[in-house]
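Structure below; questions to follow.
Laboratory data are not the source of any read-out in this text; all were calculated from the coordinates shown. What you see is a predicted model, and the numbers here were worked out from it, not measured in a lab. Every residue, glycine among them, receives a Cβ derived from its backbone with ideal geometry; neighbour counts consider all protein chains shown.
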Amino acid sequence: MFDLERITRENIKGLVPYSSARDEFSGEAKVFLDANENSLGSPLPKWYNRYPDPHQLKVKEAISTIKGIASEHIFLGNGSDECIDLLFRCFCEPKIDNVVICPPTYGMYGVSANINNVEVRKAPLTEDFQLDLTHLENLVDAQTRIVWICSPNNPTGNCFNRTDIEAVLNNFNGIVVIDEAYINFARQKSFIQDLADYPNLVVMQTFSKAWGLAALRLGMAFASVSIIDVLNKVKPPYNINQVSQELALRALEEVGQVNDMIREIVDMRNALSEVFERIPTVEKVYPSDANFILVKIKEARMVYDFLLTKGIVVRDRSNVRLCEDCLRITVGTEKENTMLIDAIGDWLSGKQLEDLTVV
Ligand code: PMP
């Protein structure tokens, strides 16, 4: 049985959170002399002299409408990376507790664990980049607090089998984080609608990928009200700045445009995959449910260096276990994708690729 009390760190259970000026007063007033702001204003035309809403209520309401999840199930972080760090700080006792990750996967789970002095146990993916449930289960002990699952996974690009994720959710009595940063590009549906079934589930999504707003630093965590309450207690009071809140609100009115971009990126991803499959030195293009593809190519490091000479930077993953000789390539604009393919053509002396086009 999942017991949030059991896995919440003692110091966090007893924590009296910081109470900001904006926590203690949130109604209408004419004169604000409560937060030591600059009452004269700022060099900018807007009310940027005021602290932002610490609870980001308007942004959460807009997200709630789009996702069909009540606001009290939503936590906003300064990027998903802040959510990751907070989950460690709330639920993992340094030097005592441990977490399980499934490499190759997103690097911040391990880095955040190290920063927080929490042991990382690794259940590597199988050869076909799926969860190794037996290994995972063997790693779990009484001190295991979080299992990190990234689906669609970075850098492999695929979703994990839904039934495997469900097995972890059903059998592990700590928190299961499903990082769905790339879910909008996937065929599989989000776990966000399954929150009611799993009290131990945290789903993370972000504005950095499909929404095209990596610069705003806005990440979302969806979970039970009690998990969200713990995260809220620990987060810095004004972790989402005013500009990000305003711009996110504006972007949230443009779901249609975002959906158009998603469709375009998925089409270009599929076209790019097909082109790469026809390149003679490409050994494999892994199926992708994300906005990037993972390509196994002969002399990957040399291809990477050659692309750099052309001003094109991709991600070299050839030193990562199970991704030997692999490059991770983000889907670009049509023009950028063509430049990439042309550059690969140059790498192969242009002989084999003369008739290759992206779309
Ligand atoms: N999760 C995954 C799987 C990612 O690949 C990334 C960014 N590369 C993040 C989270 C970080 O997202 P954010 O920009 O919201 O911190």
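What's the local net charge at residue 20, with K and R +1, D and E -1, over the other residues with C-beta under 11 Å away? Intermediate results must be reported in sequence, preceding the final value.
On the way: positive: 22; negative: 23, 24, 34, 53.
Residues close to residue 20 contribute a combined charge of -3.
Let me ask something additional. What is the projected area of the convex hull of the Cα atoms of the chain, averaged over all directions, in nm²? Walk me through the numbers on the way to the answer.
Working: hull surface 81.2 nm².
Result: 20.3 nm².
What residue among 272, 262, 286 has its Cα farthest toward the positive end of the dipole of the stretch 256-358, where the charges are +1 on Lys, Arg and -1 on Asp, Glu, each on the Cβ?
286
State the Kirkwood hydrodynamic radius of the stretch 17-59 in Å, one decimal place, computed from all pairs of distinct Cα atoms.
Working: mean 1/r = 0.0851 Å⁻¹.
In the stretch 17-59 this quantity evaluates to 11.8 Å.
Can you tell me the dipole magnitude for the stretch 1-112 around its Cα centre, using point charges on the Cβ only (Lys, Arg +1; Asp, Glu -1), in Debye to the nearest 20? Show your work: numbers first, answer last.
On the way: 12 positive and 16 negative charges, 50 e Å.
That gives a dipole near 240 debye.
Name the long-range amide H neighbours of residue 174: under 5 Å, sequence gap of 5 or more, or other chain; modelled H, no Pro or chain starts.
none
If you don't mind, another one. Rounded, prolate or oblate: which one fits the stretch 10-113, using the alpha carbon gyration tensor with axes a ≥ b ≥ c (rounded when a/c is under 1.5, else prolate when a/b beats b/c, else oblate)? Numbers along the way, then the final one.
Numbers: a/c = 2.18, a/b = 1.83, b/c = 1.19.
It comes out prolate by the Cα gyration axes.
Long-range amide H contacts for residue 179: which residues qualify at under 5 Å (H placed 1.01 Å from N, peptide plane, sequence gap of 5 or more or a different chain)?
Under 5 Å from the amide H of residue 179: 149, 150, 151, 204.
Just the Cα atoms of the stretch 258-359, one point each, no solvent: what log10 I(q)/I(0) does Debye give at q = 0.17, 0.20, 0.23, 0.24 Å⁻¹?
Listed by q, the Debye log ratios stand at -0.72, -1.00, -1.33, -1.44.
Shifting gears a bit: Calculated FRET efficiency, residue 161 and residue 36, Cβ-Cβ r, R0 51 Å, to nearest 0.05?
Numbers: r = 53 Å, r/R0 = 1.05.
About 0.45, to the nearest 0.05.
Just how large is the dipole of the chain about the Cα centre, in debye to the nearest 20, putting +1 at every Lys and Arg Cβ and -1 at every Asp and Glu Cβ? Before the final figure, lay out the partial values.
Working: 37 positive and 50 negative charges, 105 e Å.
Computed charge dipole of the chain: roughly 500 debye.
Could you work out the local net charge near residue 138, counting Lys and Arg as +1, Asp and Glu as -1, over the other residues with Cβ closer than 11 Å to its Cβ?
That works out to -2.
Among 32, 200, 175, which residue has its Cα furthest toward the positive end of the charge dipole of the chain, with +1 on Lys/Arg Cβ and -1 on Asp/Glu Cβ?
So the residue we want is 32.
If you stretched the chain out fully between residue 13 and residue 333, how much longer would it get, using 0.36 nm times the residue separation minus the C-alpha to C-alpha distance? Display every interim value, and only then the final one.
Values: separation 320, 0.36 × 320 = 115.20 nm, distance 4.79 nm.
Fully extending the segment from residue 13 to residue 333 adds 110.4 nm.
Could you identify which residue out of 250, 317, 328 has the top mean-square fluctuation in a GNM of the chain using Cα springs shorter than 10 Å?
Fluctuation is largest for 250.
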